[in-house]
Amino acid sequence: MNLFSSLDLAVAALCVYVGTFHLYLYLRRSAGGATVHFPLLCYSIALYAVASAFLYASDAAASALDWQRIQYFCSIVLAVEFLNLTYRFLERRSDAPRKAFLAALAALFVAGLVLPGLIVDAERQAIRELALFGASVSFHEAAPGLLWNALMAVELPGMVYVYVLLARGRLLRKQADLTPLLVAFPAFFAAAIVDNLVYSGAMRLVYAAEYGFLAVLMAMDLILLQRFIGVFKEVETLNLHLGEKVEERTREIKRLADELREANAALLE
């Protein structure tokens with residue numbers, strides 16, 4: 001392992017921790033907005049980061065191909081869960097664009113299982129060199145294949161569509177808790193630009209996709225936390241009002257009992 005692999009493993013560990021916590025909330029059903037989609041997102045980012053860690057540590061072309069293929073499948077799961085969570089945050093029903101994106105991603109996932117040789121181009125491999133904080137690493141990397149290029153062609157308009165939906169929800173529906181996600185998405189797009197520059201050889205920095213994923217994940221975690229706190233406050237308010245209603249009803253019953261006792265006394269007299 002090297003510095004780059006260690007950084008990715010740290011990202012993976014953080015994602016597993018956050019995902020397990022939200023999976024516990026989902027199983028307990030004790031938090032507002034708890035959903036299985038977010039733990040799946042966390043675990044897929046963790047697996048993507050682990051694949052990146054072993055890719056950086058690979059010293060053989062064959063093993064590097066396997067790790068790149070794992071990244072491909074993780075990217076599809078990530079895209080699906082980003083889309084699902086966005087619709088859940090916006091309380092938006094499934095529509096034609098969502099169904100179209102999900103169908104395309106499902107087709108690419110199945111195609112990857114049936115034709116794994118088309119995910120990356122094994123004939124176009126190179127030894128990539130990255131550098132960060134004075135450390136450097138060399139590893140094998142293959143060029144994207146037909147399926148990976150098709151995935152990028154689907155994911156790019158999908159991410160733009162998701163961002164537009166979030167911006168509309170923030171501006172038109174006044175959903176202020178979406179602000180962290182609107183800030184995190186540009187960070188993710190910046191990471192994608194950095195990755196393209198690194199892949200083209202214009203930069204020798206570490207790939208940044210997993211860190212862009214992590215930024216979006218933290219923003220979603222903050223949104224879910226804020227909504228959980230909101231639900232908790234609503235429950236506290238309801239409990240307070242319920243206590244007041246019980247006390248008021250108790251006083252009313254006591255008053256009626258006193259009136260009944262006086263009426264009985266008058267009747268006996």
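The values are calculated or read from the model by the stated rules, or taken from the named source; none is laboratory data. Predicted, not measured: the structure shown is a model, and the values here were computed from it. Note that each Cβ is placed from the backbone with ideal geometry, even for glycine, and that neighbours are counted across all protein chains shown. Calculation scope for accessible area: heavy atoms of the full protein, side chains included, ligands and nucleic acids excluded. Shrake-Rupley method; radii C 1.70, N 1.55, O 1.52, S 1.80 Å.
So here's what we get for this one:
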| read-out | value |
| --- | --- |
| Residues being out of contact with any Asp or Glu (no Cβ under 9 Å at 6 or more places or on another chain), within 30 Å of Ser63 (Cβ to Cβ) and in a helix (DSSP H, G or I) - total across segment 92-115 | 10 |
| Residue list for segment 123-140, filter: part of a strand (DSSP E or B) and out of contact with any strand residue (DSSP E or B) (no Cβ under 9 Å at 6 or more places or on another chain) | Leu132, Ala135 |
| Candidates Leu40, Leu65, Leu47, filtered to the one that is in contact with a helix residue (DSSP H, G or I) (Cβ under 7 Å, 6 or more places away or on another chain), assigned to a helix (DSSP H, G or I) and under 30 Å from Gln125 (Cα atoms) | Leu47 |
| One residue from Ala46, Ala64 being open to solvent by less than 40 Å² (accessible area, probe 1.4 Å), in contact with a strand residue (DSSP E or B) (Cβ under 8 Å, 6 or more places away or on another chain) and either within 27 Å of Asn149 (Cβ to Cβ) or free of Cβ contacts under 8 Å to residues at least 24 places away in the same chain (or both) | Ala64 |
| Residue in segment 104-112 that is touching a residue at least 24 places away in the same chain (Cβ under 8 Å), of a type in the set (Phe, Trp, Tyr) and open to solvent by less than 60 Å² (accessible area, probe 1.4 Å) present | no |
| Residue among Ala187, Ala167 that is in a helix (DSSP H, G or I) and farther than 23 Å from Tyr56 by Cβ | Ala167 |
| Every residue from segment 126-155 that is modelled with pLDDT under 85 and surrounded by fewer than 16 Cβ atoms within 10 Å (Cβ to Cβ) | Ala126, Ile127, Glu129, Ala131, Leu132, Phe133, Gly134, Ala135, Ser136, Ser138, Ala143 |
| Criterion (over 12 Å from the mean Cα position of the chain (by Cα) and farther than 26 Å from Val194 by Cα) met by exactly one of Leu115, Leu130 | Leu115 |
| Phe38 vs. criteria of a type outside the set (A, V, I, L, M), open to solvent by less than 10 Å² (accessible area, probe 1.4 Å) and at pLDDT below 85 | yes |
